[in-house]
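FYI, it's all coordinate maths here, none of it is from the lab. A quick note: this is a predicted structure, and the numbers were derived from the prediction, not measured. Every residue, glycine among them, receives a Cβ derived from its backbone with ideal geometry; neighbour counts consider all protein chains shown.
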Amino acid sequence: MAGPGSVALVSSTSDPTGTSRWLRLGQHALLAVLAVVCAVRAIADGTHPAAELAALALFAGWYALGPRVARAGRDGTGWLVGLVLLWGLLVVVSPENVWLAFSLWLLAGHVLPLLPAVLTSLAVLVVVALEPVRHSGEVSYAAIIGPCIGMVVALGVARAQQALVRDGIERQRLALRRAGGERRPHRRAGPGAAGPGRDERADPSLA
């Protein structure tokens, strides 16, 4: 399992079970769906389409760098910070883009250690909770409680996914170790295992 600071789960080379690959695909699909929802809602709310689509393209382009950073084995903290800042730009363009916060919370749970992940998630939560106030001037408990629940769920899911991948890798290692241990006795017991040198020494007629 890749340690904290590696981007979005482990790489496929360190996870022979393939679990992390499916989880990553799920993450990408979720972000794509949320991006489409944000674009549709923002444009319907009156945001200029060019501004919304340009900001989303910038966000998506930076997000696409994540797998490259992971394959290179680099620390993903800077990548995640850049993604959060670009999301902040999206929120300035349209408050509807706060929906992408759920993907940011998931990524924070994967990329950062627990405490920095919580602090980063709280910073995102503050923006999500205050954006309706900036937009409409009204405060509602739903605008605070809903995002809080979303943040806790996202962090919990991210940690559960990491545990699932770790468990899969450990099971694979144990299975390979057990299979290797079962093959060794058969090789020792096979014909000719003693080697020709031992047979030659045991036969006096060869002296």
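Numbers at a glance
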item	result
Every residue from region 37-73 that is within 11 Å of Leu83 (Cα to Cα), in contact (Cβ under 8 Å) with a residue 12 or more places away in the chain and among the small types (Gly, Ala, Ser)	Ala60, Gly66
Exclusive hit being of a type in the set (Val, Ile, Thr) and crowded, with 20+ Cβ neighbours inside 10 Å, set Val92, Val98	Val98
Some residue of region 70-80 being closer than 27 Å to Ala44 by Cβ and among the aromatic types (Phe, Trp, Tyr)	no
Count - residues of region 46-70 that are in a helix (DSSP H, G or I) and either surrounded by 13 or more Cβ atoms within 10 Å (Cβ to Cβ) or in contact with a His (Cβ under 6 Å, 6 or more places away or on another chain) (or both)	15
Yes/no for Ala117 being over 28 Å from Leu25 (Cβ atoms) and of a type in the set (Gly, Ala, Ser)	no
For Arg74: the one exception among (1) in a helix (DSSP H, G or I); (2) closer than 21 Å to Pro113 by Cβ	(1)
Odd one out for Leu115, checked against (1) of a type outside the set (Lys, Arg); (2) under 21 Å from Gln161 (Cβ atoms); (3) touching a residue at least 24 places away in the same chain (Cβ under 8 Å)	(3)
Region 61-79, residues that are over 19 Å from Ser20 (Cα atoms) and touching a Leu at 6+ places or on another chain (Cβ under 8 Å)	Trp62, Thr77, Trp79
Residue in region 74-82 that is more than 20 Å from the chain's Cα centre (by Cα), within 21 Å of Gln27 (Cβ to Cβ) and crowded, with 18+ Cβ neighbours inside 10 Å present	no
Any hit, region 108-115, residues being assigned to a helix (DSSP H, G or I) and more than 21 Å from Leu23 (Cβ to Cβ)	yes
Qualifying residue in region 139-153 (condition: touching a residue at least 12 places away in the same chain (Cβ under 8 Å), assigned to a helix (DSSP H, G or I) and under 22 Å from Trp79 (Cα atoms))	yes
Counted residues, region 112-129 - those being surrounded by 14 or more Cβ atoms within 10 Å (Cβ to Cβ) and over 15 Å from Phe102 (Cα atoms)	2
